[in-house]
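Since every read-out is calculated from the coordinates, none of them should be taken as a lab result. Quantities reported herein were computed from a predicted structural model and do not represent experimental measurements. Because the Cβ atoms are built from the backbone with ideal geometry, glycine has one as well, and the counts that use them run over all protein chains shown.
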Amino acid sequence: MTTPTVRALGALLSVLLLLGPAAAAAPAATDASPRAGTEDAAAARRAGWVRPVPGELVHPFAPPAQDWLPGHRGVDLAALRGEPVAAPGGGVVTFAGVVGGKPVVVVTHHGGLRSTLEPVEAVVPRGAVVAAGSVVGTLATAPGTADNPSHCAPRDCLHWGVRRGERYLDPMLLLGLADPIVLLPLS
C-alpha cells in the first residue's frame, strides 16, 4: 500500500475508535452493507434497469451517517424541463401526485425496491404497470424560492432515490455504475 492510503486507513480507524461501540449500534437509514448492495446491483442488471433520463450525474449519492442527519439520499441527473422520464425498472406506479409542492412519481419494483422520481409530472396513473424504460412522466421545474432555490439551479435535474424498506441505496449501483462500499482489513 502507498503511504497516503495507509494514512487514510489509519485516520479512518482512529475515527472509528473514537466513536466507539455507539457508532456500530445505531443503524443508519442507508444501506452500506456490501452484500445487500451487491445483491441488489446483480438483480438489477439481470432485470435490465435503465437511467430514467440520459443526462450526466450532477449530484451523487451522499447518505448521512445517521438517518436524522442531512444528506443526499439519491442522485441528481441533468435533464431539461419537459423531457420524458422513464421508469428505471419494471414495476407498478404506486404514487403519482404532489409532495411538499413537488410533483412526484413512485415506482415499486419487483423484489421490493422503490424508486422515487422528482420533480416529475405523471403521464401514467397510480396502479399502472410499467416496464423498464417506459415513460412515466415529464420533468417539471423544481419549485424554489429566493430563500430556498432548487439545488440544481440554474439548471433543471431529476432526483432519483431508491429504497428497500426504509433503507436508501445508491441508484447508480442498479445500473452497475457505482461500487458497493467494501471495507478491507489493514493487513
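Below are the figures for this structure:
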| quantity | calculated |
| --- | --- |
| Set of segment 81-103 residues, backbone N closer than 19 Å to the point 7 Å along the Cα-Cβ line of Val123 | 81-98, 103 |
| Inter-label distance, nm, simple model (7 Å from Cα along the C-beta direction), Leu80/Leu177 | 1.9 |
| Length gained when the stretch Glu56-Thr141 is fully extended (0.36 nm per residue, less Cα-Cα span) | 28.9 nm |
